[in-house]
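Student: Below is one structure. I have some questions about it.
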Amino acid sequence: MGELVLSGKGMGDRRSDAGQDSAEEVCQYLTFSVGEERLAMSITAVKEIIETPQITRVPMTPEYIRGVINLRGSVVPVVDLGARLGRGVLTLTRRSCIVLVEVRSGSGDGHVLGMLVDEVKNILDISREDIKPPPEFGSEIRTDFIEAMGRVEDVFVIILSMDHVLSIQELAALRRISEEAASSGLDVDP
Amino acid sequence: MNLEDARQAFIGEVAELLDSMEDALLTLEEDPQDSESLNEVFRAMHTIKGTSGVFGYAPVVEFTHAVETLMDQVRSGQRPLTKPLIATLFECRDHTARLVEVIEEQGPDGDEEVQFGEVLREAGESLLQRLGQSGATSPMASAERPADGAADKRLPVSSELWMITLEFGADAFRNGMDPLSFLRYLGSLGDLVHVSTLLRLDPSQEEGFDPESCYLCFGIAFRSDADKQTIAGVFEFADQDCEIRILEPESTHSRYMELLESVAEDEVGCIGELLVQVGALTRRELERALQIQETETSACSMTSCSNLRRRLGEILVEQGSVKSAVVEQAAKTQETVRARRQDESRFIRVDAQRLGHLIDLVGELVTSSAAIRVMVNRAGIDDATEVVDGVDYLVSEIRDSALQLRMVPIEECLSRFRRVVRDASQELGKQIDLVITGGETELDKTVIERLTDPLTHLIRNAVDHGIETPDVRAGRGKPASGTIHINAFHDSGHIVVEIADDGAGLDPARIRAKAEARGLVKPDDSLREDEVLRLIFAPGLSTKEEATNLSGRGVGMDVVRSNIEALRGSVELDSSPGVGTKVTIILPLTLAIIEGFLVGAGEDRFVIPLSQVAECVEMEAADALHRRGRHYINLRGEVLPFIRLAEIFESGGTREAGRRESLVVVRFGHHKMGLVVDSLLGELQTVIKPLGILFERLRGVAGATILGTGDIALILDVAELAAVDQGARSPSGSARATR
């Protein structure tokens, strides 16, 4: 598990690698897997990566809200990325990790959310010229969740847009819909 | 303390003073003779004047000064305290509040020159005019008239003037004194309004007229802002050859009185020192009086301390140095100081943030100590158990004491409604008595702060919609004046606040009609009466035909409910047409830490607030009934609805047939309900952690807590849980569920 933790040293090394190619603009991306698919996100939003602790389920929430965890004394919600991307709820394994991401709500307040993934791979340097706009169709993932496509050694990785995947407004709004659906469904029920 | 801190303190102090002034005025309205309240009003105005003066807020000083002067006249009985006068005083209080608001708004950047604006200035002036009209400055009460100095009587006696008498000794000229030079010097300190010169010539004088002797006396009316010490300083040089009496202006006199009342306790020494301290007496005057006293004392050989004190006062009055009223006040201050010293040192002002920080730390401590207990149990160290018990006990004591620090009596919040009711009832032409009981009940300060708005709304509702006009009441055979009763009390770990009126009550038919018109219920829905009444908590429902100034825009009761629910409280409603309405608010004592009861349901664990747990019994499946979609159980002959936690929360886990279940009977308001759980895991101290923005709409869960093992358990909101359960079945509930 040790290799999964982002140590400052590791990041520093990578940065100095990038520094050698200072002619190109290089961005760093964290890659991880959900199921068989390899996904990436900009490293700037990542606060830390932790092994999966005990997750407490919160009842009456959509399935992509996996639950809450105790992060050094504060209660942090965890979003199941598999369920969020429509791939079904992830099964916890030895390699499962939670990526803690800071997102902003509409009012501008920062909130820390956890994102459950199957495995954290590594950090990639992708130069700007290797970043292509997302395809307009042909992807199984909602198009607004995709920020761009990054080419790594002739393979394209999907770079997720955290603003959309972990949009507080949307997570809360979806909650309301499901709640209304639930209550109207119950109303019909005698 | 920098200037901004001082300014904040000023604003806070003024707000407090205005509050107490308002209370006092309300008392005066009922009993104009209440001297304590009179003093309170005076004191408030006076202190605000003083502190505003320090900050250089001239308009505030001017305004409060005028009110203060008026109050002083009232206090001394020169002006009767009439109802219209009290009403004007209320407005004066509000005006002062507005002035200070302007100061507050302008913030720390707006230099010392605060712009108050024309409108405010004019409002203030017209108020002052009204104050002035009802009685111009009247002459001093005879009791307060200086008992000496014939010269004084010939001078224009005005409350704004210093009265100075100078009696030069016979040798003044021989010692090279020039009486006029003193007058000229005095003139540099202020305005010599009137100087009368007297000759101390006595025809019976034996030695005859000596042209080298001085027979001059001056009576001087003097207007100046200088203090007594400065004025006396003018004549310091002539002291040996001259009898000087300086009488302070009436307004200064009242200032002395005030100063005497407010002298810091630790500075109160002898009466003489006290008078010198507030400036009523110069040191030289005191020394002279002490000298006289000493000679008299040795003559009469009177040594008793109290006699000594009174005599000093007498001598001072005799000398004409101070007025008897001032001396009396000084003596009073001296006497009451010890009692007050004990009283006041019981309170310390503490920054609310520091308290908050302390309570946060205590919360962490509670969690850590639970973790230690888990560790010790796991490691099986028997020796440590006792120590852990001791720590646990101490932690819970610390927790209770820390939370106690934030507890304030609810009175603070309730008493402001006396004003609300007074103003509102006058506006509507109704007669309403507000009765407050249980004001001493203590509640977390943050809860109180957030309770004010909903309470204000409920009370306005009662005034506006509840209580009828006197003629309507007479027609219904009720007393002309209605009563609103606010009652607060503790009930099993909760605070209950009841707002009851003896007004018209709610009309279920009208509520129903309105709700149907708004589409909240269908015409063919059958609702119990209490369900109909609860509809007024639904958004957008107001039964008053037209909106008034006070309430009735249909945004009211649902806001009240959501405000109360945000405090983890609940609202109940009880009303019968023609008899009155009673709204009951039930609130948790505190928002931070509670005693919890941990239960297991399916794979999940939940915390139920212990204060809501009535009892735990073994579930007897045979007693359970299923009616109209709800579960009931026969509990010792009582029909109790119950919810299976695992079912409503879809907790998973397979329930083996015949496995033992427990029924936790919970209580909320007047209701009882059973929660069926798989296991009872015991009591624990629970630090409530918010679940955060993502779960804002989650109902039935009040928050989360971290267990000693580091795991999280959700804290149940029992009342909401019942609503969620009911919401699934009753139409009134569905209105609530989709708030």
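Student: When Lys and Arg each count +1 and Asp and Glu each count -1, what net charge do the other residues less than 12 Å away from A:Ile55, Cβ to Cβ, add up to?
Tutor: On the way: positive: A:Arg57, A:Arg66; negative: A:Glu51, A:Asp80, B:Glu603, B:Asp604, B:Asp711.
After counting each charged neighbour, the total is -3.
Student: Now a separate question. Can you tell me the alpha carbon radius of gyration of the range B:3-133 divided by the globular rule-of-thumb value 2.2 N^0.38 Å?
Tutor: Working: Rg = 14.4 Å, N = 131, 2.2 N^0.38 = 14.0 Å.
My calculation over the Cα atoms of the range B:3-133 gives 1.03.
Student: Only protein chains counted, 1.4 angstrom probe. Which residues of the range A:57-76 are at least 20 Å² less accessible in the assembly than when their chain is isolated?
Tutor: In the range A:57-76, residues shielded by partner chains: A:Arg57, A:Val58, A:Pro59, A:Met60, A:Ile65, A:Val68, A:Asn70, A:Gly73, A:Val75.
Student: Please compute the per residue accessible area over the range B:352-405 with all protein chains in place, 1.4 Å probe, rounded to a whole number of Å². Walk me through the numbers before you get to the answer.
Tutor: Numbers: 3550 Å² over 54 residues.
Accessible area per residue, the range B:352-405: 66 Å².
Student: Continuing with this model, one more query. As an exercise, take the mean of 1/r over every pair of distinct alpha carbons in the range A:112-167, invert it, and state the Kirkwood radius in angstroms. Mind showing how you got there, number by number?
Tutor: Numbers: mean 1/r = 0.0796 Å⁻¹.
About 12.6 Å, per the Kirkwood formula over Cα pairs.
Student: Let me ask another. Can you give the average number of partner chain beta-carbon atoms within 10 Å of each beta-carbon in peptide B:691-704, as a whole number?
Tutor: Working: counts 4, 9, 11, 15, 10, 4, 8, 7, 3, 2, 4, 0, 1, 6.
For this peptide, the per-residue mean of nearby foreign Cβ atoms is 6.
Student: Once the other residues with Cβ under 13 Å from the Cβ of B:Leu567 are scored (Lys, Arg +1; Asp, Glu -1), what is the net sum?
Tutor: Details: positive: B:Lys445, B:Arg450, B:Arg561, B:Arg568; negative: B:Asp444, B:Glu449, B:Asp453, B:Glu565, B:Asp717, B:Glu720.
Charge balance near B:Leu567 sits at -2.
Student: Once you have the Cα-Cα distance between B:Asp351 and B:Ser401, take 0.36 nm times their residue separation minus that, and quote the gain in nm to one decimal.
Tutor: On the way: separation 50, 0.36 × 50 = 18.00 nm, distance 1.69 nm.
Additional length available on full extension: 16.3 nm.
Student: Oh, and also: When the convex hull of the C-alpha atoms of the range B:420-479 is computed, what volume per residue in Å³ does it have?
Tutor: Numbers: hull volume 5.3 nm³, N = 60.
Measuring per residue, one finds 88 Å³ for the Cα hull of the range B:420-479.
Student: May I pose another question? Within 10 Å, Cβ to Cβ, of A:Met115, how many net charges do the neighbouring residues add up to if Lys/Arg are +1 and Asp/Glu are -1? If you can, show how the numbers build up before the last one.
Tutor: Working: positive: A:Arg66, A:Arg84; negative: A:Asp80.
Computed value for this residue: +1.
Student: Show me B:573-583, B:161-171 ranked by packing, highest mean number of other Cβ atoms within 10 Å first. Intermediate values should be presented prior to the final figure.
Tutor: Working: B:573-583: 18.3, B:161-171: 20.8.
The most tightly packed comes first, giving B:161-171, B:573-583.
Student: A follow-up question, please. In square angstrom and rounded to 100, what buried accessible area do you get between chains A and B, total over both, with the probe at 1.4 Å?
Tutor: Working: alone 11030 and 37550 Å², together 46100 Å².
So the total buried area for this chain pair works out to about 2500 Å².
Student: Quote the relative contact order of the range B:409-588 in percent (integer), defining contacts as alpha-carbon pairs under 8 Å separated by 6+ residues. Don't skip to the end; give the middle numbers.
Tutor: Details: 321 pairs, mean separation 42.5, N = 180.
That works out to 24 percent.
Student: Please report, as a whole percent, how much of the solvent-accessible surface of the range B:399-514 comes from carbon and sulfur atoms (probe radius 1.4 Å).
Tutor: Numbers: 2410 of 4760 Å².
That fraction is 51 percent.
Student: What distance in nm lies between label points placed 7 Å from Cα along the C-beta direction at A:Glu170 and B:Glu427?
Tutor: 4.7
The values are calculated or read from the model by the stated rules, or taken from the named source; none is laboratory data. The structure presented is a predicted model; accordingly, all values stated were derived computationally and were not measured. Glycine gets a Cβ as well: all are built from the backbone with ideal geometry, and neighbour counts include every protein chain shown. These area figures cover heavy atoms from the full protein model, side chains too; ligands, DNA and RNA do not enter into them. Shrake-Rupley method; radii C 1.70, N 1.55, O 1.52, S 1.80 Å.
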